[in-house]
Every structure is written in C-alpha cells, then in structure tokens.
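The structure under discussion appears below in the form of structure tokens.
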Amino acid sequence: MSKEWPLWEVFIRGQHGLSHRHVGSLHAPDAEMAIKNARDVYTRRNEGVSIWVVEAQHIAASSPEEKGPLYEPSNSKVYRHPTFFDIPEEVGHM
Amino acid sequence: MYAQLVKTAGTGVKTREEMSDEERNFQDRVDRDEKIEPKDWMPDDYRATLIRQIGQHAHSEIVGQLPEGNWITRAPTLERKAILLAKVQDEAGHGLYLYCAAETLGVTRDELTEELLSGRMKYSSIFNYPTLNWADIGAVGWLVDGAAIMNQVPLQRTSYGPYSRAMIRICKEESFHQRQGYDIMMKMAQGSDAQRRMAQDALNRFWYPSLMMFGPSDKDSVHSAQSLAWKIKIDTNDELRQRFVDQTVPQAKYLGLTIPDENLKWNEERGAHDFSEPDWAEFFNVIKGKGPCNVDRMDARVAAWEDGAWVRDGLLAHARKKSATRTAAE
Ligand SMILES: [Fe+2]
Ligand SMILES: [Fe+2]
Ligand SMILES: [Fe+2]
C-alpha cells in the first residue's frame, strides 16, 4: 500500500460573505491535519475565515468531452438574460 | 531561472502540416490564450516538459529555504527574525503550490521527491551558493527574489491552468520578499563602514550567480522555441536577464553600491544596459553538482526526508486505524 498521504482539495471562504472558493490542494493524513495544513499553506495573509477540505478522490468532475451536451443547450436560450427584452425608456428603471 | 535548463521533450516546433488534428486543435487553443486544464487533451511532450519545469521550480522553492534558514536563529533582531521566518515559510508554500500543480499532470508527490533526492531532477543553481553573513540575506531577498519575480510575473499567463494559478498566488507573495531584502541592504549600506563593506561584498558574490538564474542564452534553442509556442515559457532567457539588469542598476545606485562589472554601461542605442555574461563554465559545474554547497543541500533534504519518515508513517497509521474503527462502528 502506498505510504503517500492522500490529496485534499481546499476551499476557503473569505472575509466578505462570499462562498467558499477552491484555492488549491495539499497532502495530509486525515481531515483534521488537512485543515491545519490548509491554515498554514493557504491563509497566511488573512485570506479566509472558514476552511473546507475534501479528499480529492471523492470529487466527481465533468469531463471536457461532455462540453457540448452539457453547455450548448444554454447557448440558444438568450431570453434568460434580461438584455433580451427591450423596455421603453418611459417605463423607468427595471 | 528557477527552472533553468528544462530540456523540452520532443524535437522542436512542428509545422501545422506536421501536426495531427488533436495537436492543431491544442495549439489553436493555446494561441487563443485559452487555459489548458488537467483533463484536457495535451501532447505527451507538453505534459512531460511541464512536469520537468514545474518540478524543477518546486524543488527550487524547497531547497531555496536552506540558505536563508541558515540565518533564522542568528537574525540581528527579533523583528528581522520574525520577518525572515515568514519569508522562508512562504517559500515552503510556493513549493507546495507547485508540487500540486505538477501532480495534476499525473506524477505523484513521492515520485517528485524521489527524483530530487536521487539527483535526477535539478533545482536552481543559485541555492548552491552559501550565505556567509547577514548581508547575504539582504542580497538574496533583493537579487534572488528579484530575479525570481522577473521570471514568475510573465508565467502567470502560462497556458497550463494549474501552473498559471500557482504563479498568480506566488507573485502576490513575492514582492514582500524582495522588499525585505532591499530593506536589509538599505540598513547595511547606510550603516557603519564595516556594514557597507559587508553589503558590497554580498553584492559582489551574488551578482553573477543571480544572472545565471535565467539560464544560458536560448535564443537559438529549438527546445525553447517549442516551449515559447506552447506558452510555458513567455520570454527568452536573455530578455529576462536584460530586464533584471536594467531594473537592478538604479537600485544598486541608490544604495551607493557598485555592481561588480567593468563593462556595465548604458547603451543609448539599445535603450538598455550592456553588461558582462556570467561565467557559464562555473554555471555548468554547479549544475553538475560541483558548486560550493550542492552536497550540503542534498544532505539536508535527504536527512529531512528520512528523519521525518516515522512522523509521516505514524500519522498515516493513526488515520487508517481511526477510519477503520469508524467504519466498524457504522
Ligand atoms: Fe524564491
Ligand atoms: Fe518563492
Ligand atoms: Fe521568494
């Protein structure tokens, strides 16, 4: 069995109420150490107020080949954007 | 520089006709400044070259902690000690960001460590020079981190997504490093005669090794041409070296220190400084393992790896035991 510590993906929520964001990864023996290491590696300059870690092997990802079927359907739905509709100026801000 | 002599895998740039459909499509994406991500198709040589380059860069950050770590316990004040400690800790972080970027290409961390410890993979020649006194710590921050920045700033735009993101993080942290070094140099240069002499001596010893950081001229290299086409190299070694010299000259002047090069002068026509090349024979000697500190550096890394084995193994055994009890309880 490999003696390499598993890989963890690190997500950090910054000061201003935004969602956790992926910042990078690191190796650690378990979740507790992964959080401690993430503190040292990814928040040395006050970058965050909350840390999530998840073992990389538990992340499922879409594959680049699926790009077409996954994202093309939204291309044709321009009416989902507010700029699709012309609102007369007299109506005021909407 | 941190990756000084990365031999690009493959035989050089292919013409569009020589490329397969996949290769053409890939090159088009690179030309459009689209980022290449880990799961995307990429040429084998692109992958192999990047592993070498990012690995060498990561190893340099890690080994680069040693010359400065040498002075943490002997920093002249508590404040300088805290600053140097923070700087060296950043370098550890830089190494980790880069190892992770390399790992997305399919190499494991243990393989990379093994390649470094066995001497098969290199790190920057600069870290095989000793830091003899406190002024050297100033010179390292000012010149070595200065040269590193010169190389890393353009690499933020590199084509490989994870590498580019690591570079962006690193660059954010890097300018503190150079400034703290220059700050030490200012104190020394404005200090007593003995301090000025130390500052000048440090500049004398670190000037040419810093110029070597960019690697020998590669303007005629087919390997570099391929790396430039793939945007894993953004400027030639000579362009970066020139930029570094032009930036450093006024900084040395402000300190009242003399750059140890009689041929250094402003060339009106070129709008740049003329300067002497470093001794490339010395460079190749250091790369081959015969620099002043190669043996010490490798011994320190091997000892750290071997002495840390029981901690790594113990923590892993503990983690496995805990998860086994948890599974049994469910
Ligand atoms: Fe560095
Ligand atoms: Fe660094
Ligand atoms: Fe640095």
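The values are calculated or read from the model by the stated rules, or taken from the named source; none is laboratory data. None of the values given here were measured: they were computed from a predicted structure. Cβ sites come from the backbone with ideal geometry, for glycine too, and all protein chains shown count toward neighbours. Note: accessible area is taken over every heavy atom of the protein model, side chains too, but ligands, DNA and RNA are not part of it. Shrake-Rupley method; radii C 1.70, N 1.55, O 1.52, S 1.80 Å.
Here B:Asn204 meets the list (1) over 12 Å from B:Trp142 (Cβ atoms); (2) in contact with a helix residue (DSSP H, G or I) (Cβ under 7 Å, 6 or more places away or on another chain); (3) open to solvent by 30 Å² or more (accessible area, probe 1.4 Å) almost entirely, failing just condition (2).
Per-residue answers, yes or no, for (1) charged (D, E, K, R); (2) surrounded by 15 or more Cβ atoms within 10 Å (Cβ to Cβ); (3) touching an Asp or Glu at 6+ places or on another chain (Cβ under 7 Å); (4) away from every other protein chain (no Cβ under 14 Å):
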site: B:Pro278; (1), (2), (3), (4): no, yes, no, yes
site: B:Glu306; (1), (2), (3), (4): yes, no, no, no
site: B:Val311; (1), (2), (3), (4): no, no, no, no
site: B:Leu316; (1), (2), (3), (4): no, yes, no, no
site: B:Arg326; (1), (2), (3), (4): yes, no, no, no
site: B:Glu330; (1), (2), (3), (4): yes, no, no, yes
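Take the conditions (1) surrounded by fewer than 19 Cβ atoms within 10 Å (Cβ to Cβ); (2) facing chain A (nearest Cβ under 9 Å); (3) closer than 23 Å to A:Ala38 by Cβ; B:Glu103 misses just one of them, which is (1). For B:Asp31, the conditions (1) closer than 26 Å to B:Ser125 by Cβ; (2) surrounded by fewer than 16 Cβ atoms within 10 Å (Cβ to Cβ); (3) not aromatic (Phe, Trp, Tyr) are fulfilled apart from (1).
On the basis of being among the small types (Gly, Ala, Ser) and more than 13 Å from every other protein chain (Cβ to nearest Cβ), does A:Gly68 make the cut? Spell out how you get there, then give the answer.
Numbers: among the small types (Gly, Ala, Ser): yes; more than 13 Å from every other protein chain (Cβ to nearest Cβ): yes.
Against the criterion (among the small types (Gly, Ala, Ser) and more than 13 Å from every other protein chain (Cβ to nearest Cβ)), A:Gly68 qualifies.
Within the span defined as the range B:206-213, one or more residues are within 13 Å of ligand 3 (Cβ to nearest atom) and aliphatic (A, V, I, L, M).
How about the range B:13-83: which helices (runs of 4 or more DSSP H) wholly inside it have at least 3 residues that are within 14 Å of chain A (Cβ to nearest Cβ) and in contact (Cβ under 8 Å) with a residue 24 or more places away in the chain? First the steps, then the outcome.
Working: elements: B:21-31, B:44-63, B:65-69.
It comes to B:44-63.
Taking the range A:21-46 as the range and being open to solvent by 40 Å² or more (accessible area, probe 1.4 Å), of a type in the set (A, V, I, L, M, F, W, C) and under 15 Å from B:Ala86 (Cβ atoms) as the test, no residue passes. Looking at the range B:317-328, I want the residues that are assigned to a helix (DSSP H, G or I) and have a partner that is among the aromatic types (Phe, Trp, Tyr) and open to solvent by less than 90 Å² (accessible area, probe 1.4 Å) with Cβ atoms under 9 Å, at least 6 apart or on another chain. Which pairs are those? Listed by first residue and then by second, the contacts come to B:Ala319/A:Trp5.
Please find, within the range A:1-11, the residue that is surrounded by the fewest Cβ atoms within 10 Å (Cβ to Cβ) out of those that are closer than 21 Å to B:Gly95 by Cα and within 12 Å of chain B (Cβ to nearest Cβ). Spell out how you get there, then give the answer.
So the first thing to find is which residues in the range A:1-11 are closer than 21 Å to B:Gly95 by Cα, and the list is A:3-11.
Applying the additional criterion that residues be within 12 Å of chain B (Cβ to nearest Cβ) yields A:3-10.
Working: A:Lys3: 10, A:Glu4: 14, A:Trp5: 20, A:Pro6: 17, A:Leu7: 18, A:Trp8: 24, A:Glu9: 20, A:Val10: 26.
My answer is A:Lys3.
Please indicate, with yes or no, whether at least one residue in the range A:59-78 is outside any loop (DSSP other than H, G, I, E, B) and touching a strand residue (DSSP E or B) at 6+ places or on another chain (Cβ under 8 Å).
Step one: of the range A:59-78, the residues outside any loop (DSSP other than H, G, I, E, B) are A:64-75, A:78.
This time we only want the ones that are touching a strand residue (DSSP E or B) at 6+ places or on another chain (Cβ under 8 Å), so: none.
Checking the range A:59-78: not a single residue is outside any loop (DSSP other than H, G, I, E, B) and touching a strand residue (DSSP E or B) at 6+ places or on another chain (Cβ under 8 Å).
Can you name the condition, by its number, that B:Cys171 falls short on among (1) within 13 Å of ligand 2 (Cβ to nearest atom); (2) farther than 20 Å from B:Gly55 by Cβ; (3) free of Cβ contacts under 8 Å to residues at least 40 places away in the same chain? Every listed condition holds for B:Cys171 apart from (2). For first residues located in the range B:257-271 and closer than 28 Å to B:Lys187 by Cβ, partners that are of a type in the set (Ser, Thr, Tyr) and lie 6+ apart or on another chain with Cβ distances below 6 Å form the pairs B:Asp261/B:Ser276. Of everything listed in (1) within 23 Å of B:Gln152 (Cα to Cα); (2) touching a Ser or Thr at 6+ places or on another chain (Cβ under 6 Å); (3) free of Cβ contacts under 8 Å to residues at least 60 places away in the same chain, the single unmet condition for B:Ile232 is (3).
Considering the range A:12-35, and only residues there that are within 13 Å of another protein chain (Cβ to nearest Cβ) and in a loop (DSSP other than H, G, I, E, B), the residue that is farthest from B:His318 (Cα to Cα) turns out to be A:Ala28. Looking across the range B:144-185, the residues that are within 15 Å of ligand 3 (Cβ to nearest atom), open to solvent by less than 10 Å² (accessible area, probe 1.4 Å), closer than 18 Å to B:Ile72 by Cα and of a type outside the set (D, E, K, R) come down to B:Val144, B:His177, B:Gly181, B:Ile184.
Mind checking which residues of the range B:134-145 are away from ligand 2 (no atom under 12 Å from the Cβ) and in contact with a Ser or Thr (Cβ under 7 Å, 6 or more places away or on another chain)?
Pass one, the range B:134-145, residues away from ligand 2 (no atom under 12 Å from the Cβ): B:134-139, B:142-143.
Passing the criteria: B:Ile137, B:Leu143.
Among the candidates B:Asp235, B:Asp246, single out the residue that is in contact with a Pro (Cβ under 9 Å, 6 or more places away or on another chain), open to solvent by 10 Å² or more (accessible area, probe 1.4 Å) and among the acidic types (Asp, Glu). Can you show your working first?
Working: B:Asp246 fails: in contact with a Pro (Cβ under 9 Å, 6 or more places away or on another chain).
Result: B:Asp235 is the single residue among B:Asp235, B:Asp246 that is in contact with a Pro (Cβ under 9 Å, 6 or more places away or on another chain), open to solvent by 10 Å² or more (accessible area, probe 1.4 Å) and among the acidic types (Asp, Glu).
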